[in-house]
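The next block holds one structure in the form of structure tokens; read it before the comments.
The values are calculated or read from the model by the stated rules, or taken from the named source; none is laboratory data. Worth saying up front: this structure is predicted, and the values here are computed from it rather than measured. Every residue, glycine as well, gets a Cβ built from its backbone with ideal geometry; the counts of neighbours run over all protein chains shown. Ligands, DNA and RNA are stripped out before the accessible areas are found, and what is left, the full protein with its side chains, is counted by its heavy atoms. Shrake-Rupley method; radii C 1.70, N 1.55, O 1.52, S 1.80 Å.
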Amino acid sequence: MNFQVMMEQLAGGMLASMGIFFLTLIFSLPLGLLVAFGRMSKNRVVSGIIGFLISVLRGTPLMLQLLVVYFFPYYLFGWSIAGWRFPAIIVGFSVNYAAYFAEIYRSGIEAIDKGQHEAAYILGYTKTQTFFRIILPQVIKIILPAITNEIITLVKDTSLAFSLSYMEMFSIAKQIAARETTFLPFLVSAVFYYVFNLIVAFVMRRMEKRLAYY
Amino acid sequence: MVYVEMKNVEKSFDDLEVLKGISLSVSEGEVVSIIGPSGSGKSTLLRLATLLDTMNKGELSYMGEQVVRMEHGHSVYEKPAKLREIKADFGLVFQNFNLFPHKTVLKNIIEAPIHVQKRKKEEVLPEARELLSRMGLSDKEDYYPSQLSGGQQQRVAIARALALKPKVLYFDEPTSALDPELTGEVLKVIRALAEQKMTMVIVTHEMEFARQISDRVIFMDKGVVAVEGSPEEVFGSSNQRMQEFLGKLSAN
Ligand SMILES: Nc1ncnc2c1ncn2[C@@H]1O[C@H](COP(=O)(O)OP(=O)(O)OP(=O)(O)O)[C@@H](O)[C@H]1O
Ligand SMILES: [Mg+2]
């Protein structure tokens, strides 16, 4: 196998890893906000159940969660899981990351002075207007560093998709390395994850700077 | 016309009785000051009047319209939609301003008229600038609250409240969070509002100020109105708690 073919295969893996990364963010960031609302619900039953689910998602290995999501339709209902591999990965990652993001959102929302809610209430803002116009913009500024940490972890965590034999960067690198007895694919993938994270850190720093206007 | 009417209001936090049957009536153009020792329930009274908190017993009306009535010995509130409507009648200026830190001075002022009252921006903008100039802050419209002094922030908060054209404006110790040298500029603005016959209810520890601008002064003590009347009547009252209160203040 020549170098070019190897690089092409690895490039395919990079795209797959980036696909997991972006789809997970797209789904888990809003989902995390919904989960945070559930966690902060005045209904004790709702907040209790959501709190328990969050602790399970944060307290068990993501790899295990991926396997459960992938295989449960088969074991529980006997359904075929053909074609379910990639959706299962996205569902598993999104739900897991939503649990982490939910706790971050919650800490941010609770950090906002209650005077902000009261001022908005007196001015006649509805609850929805208060949240989206007054609270959330301030929350985002507070939680951005914590969100950055999670996103950097996510870049590395995408490699866990190998547990469902999904051909992302790390799986492909491992496969080529075994077949061709060369260390090179590992080096390439290490550089990939590292550079990807440099870019993520750069983008997030830019966002933090943009939010530093007040 | 009577703008605000509170009748026999009672409020407890768990076992702590904070308001023990307070009545307050404010007429158009009146300036009412509420004074009294710490913990006497002044802030609680304003929070009930502004619907930030709910009373256990008692009644509340704005502009002759009943908002809270007594039923079977307990206060019953109107539906949320009605309450939202009533909220347009009053504004509140907080002790610690509570400006929106992520919005400029101008945005702080125009947002509620635009998004709550659904008024046109072209119409709201000139009014907001006019308010800022009355507050002496014309050059600050693009500043963020954190770039202003406390006195400037409080004046923005007053402009923000006025932009909604409330019938009554409440103040809860508007100068208590300010350095003494910044107190004057805020009091000056409130004094100007009083001269323009803005209806106001002001909780304050500034006795001289209360004496000068009020049509009526209410001295609250331990959850009841202990003395009420013209500034002369109240400050000249022989009520023992009132005397102690004034004595303590002048001793400081
Ligand atoms: N949310 C609350 N929960 C429990 N107790 C409260 C609450 N709010 C106020 N209190 C109590 O009610 C009493 C009256 O408080 P309030 O803030 O109305 O007094 P105040 O007259 O405004 O005092 P100050 O001059 O210090 O501002 C105090 O004993 C206070 O501790
Ligand atoms: Mg108070």
* To do: Starting from the eigenvalues of the Cα gyration tensor, five times each then square-rooted, give me the equivalent ellipsoid semi-axes of segment A:63-214, largest first, whole Å.
  => 40, 23, 9
* Structure fact -> Note, B:Leu60: beta-carbon cut-off 13 Å, +1 each Lys/Arg, -1 each Asp/Glu, net 0
* Structure fact -> Under a 1.4 Å probe, counting only protein heavy atoms, B:Ser61 has an accessible area in Å², nearest 10, of 20
* Structure fact -> A:Glu180 and B:Ala192 label points (each 7 Å along its Cα→Cβ direction) are spaced in nm at 7.7
* Structure fact -> chymotrypsin sites (Phe, Trp or Tyr not before Pro) in segment A:125-190 lying in a DSSP loop, each with at most 14 other Cβ atoms within 10 Å of its Cβ, come to A:Phe183
* Structure fact -> Farthest towards the positive end of the dipole of segment A:54-180, among A:Trp84, A:Phe72, A:Thr130 and with Cβ unit charges of +1 on Lys and Arg and -1 on Asp and Glu, lies the Cα of A:Trp84
* Listed residues B:Tyr77, B:Ile213, B:Val2: farthest to the positive end of the dipole of chain B (Cβ charges) -> B:Tyr77
* Projected area of the protein assembly as shown, taken from the Cα convex hull and averaged over every viewing direction, in nm²? -> 30.7
* Take every Cα pair under 8 Å in segment A:7-155 that's 6+ residues apart, average their separations, divide by the length, and report that relative contact order as a whole percent. => 29
* For segment A:1-76 and segment B:76-132, distance of Cα centres in Å -> 41
* Asked: Counting Lys +1, Arg +1, Asp -1, Glu -1, what net charge surrounds B:Tyr143 among other residues with beta carbon under 13 Å of its beta carbon?
  -> +1
* Structure fact -> Residue separation between A:Leu34 and A:Tyr74 times 0.36 nm, minus their alpha-carbon distance, gives in nm 11.5 nm
* Structure fact -> Quick calc: nm separation of the 7 Å Cα→Cβ label points for A:Ile81 and A:Phe22 -> 2.8
* If exposed trypsin sites (Lys or Arg not before Pro) are those in a DSSP loop with at most 13 other Cβ within 10 Å, what is the longest stretch of chain B that has none? -> B:1-117
* Asked: Once the other residues with Cβ under 12 Å from the Cβ of B:Leu178 are scored (Lys, Arg +1; Asp, Glu -1), what is the net sum?
  -> -4
* Asked: When the Debye formula is applied to the Cα atoms of chain B, each taken as the same point scatterer, what base-10 log of I(q)/I(0) results at q = 0.09, 0.11, 0.15 Å⁻¹?
  -> -0.40, -0.61, -1.11
* Asked: For chain B, with only Lys/Arg (+1) and Asp/Glu (-1) charged at the beta-carbon, what is the dipole magnitude about the Cα centre, in debye rounded to 20?
  -> 660
* To do: With label points built 7 Å along Cα→Cβ from the Cα atoms of A:Ala111 and A:Arg58, find their separation and express it in nm.
  => 1.5
* Asked: Hey, got a sec? Which chymotrypsin sites (Phe, Trp or Tyr not before Pro) in segment A:1-106 land in a DSSP loop and have at most 11 other Cβ atoms within 10 Å?
  -> A:Trp79
* Which of the lysines could a cross-linker bridge to B:Lys7, judged by Cα under 21 Å and excluding same-chain residues fewer than eight apart? -> B:Lys20, B:Lys42, B:Lys57, B:Lys79, B:Lys82, B:Lys87, B:Lys167, B:Lys222
* Considering chain B as a Gaussian network with a 10 Å cut-off on Cα pairs, which listed residue, B:Val76, B:Val32, B:Val201, attains the greatest mean-square fluctuation? -> B:Val76
* **Estimated buried accessible area (total), pair A and B, 1.4 Å, Å² to nearest 100** => 2100
* Quick one: check the C-alpha center-to-center distance for segment A:130-189 versus segment B:24-57, whole angstrom. => 56
* Asked: When chain A is modelled as a GNM with alpha-carbon springs shorter than 10 Å, which of A:Ala201, A:Ala82, A:Ala111 fluctuates the most?
  -> A:Ala82
* Structure fact -> In a Gaussian network model of chain A with springs linking alpha carbons closer than 10 Å, the residue among A:Arg58, A:Arg179, A:Arg106 that fluctuates most is A:Arg179
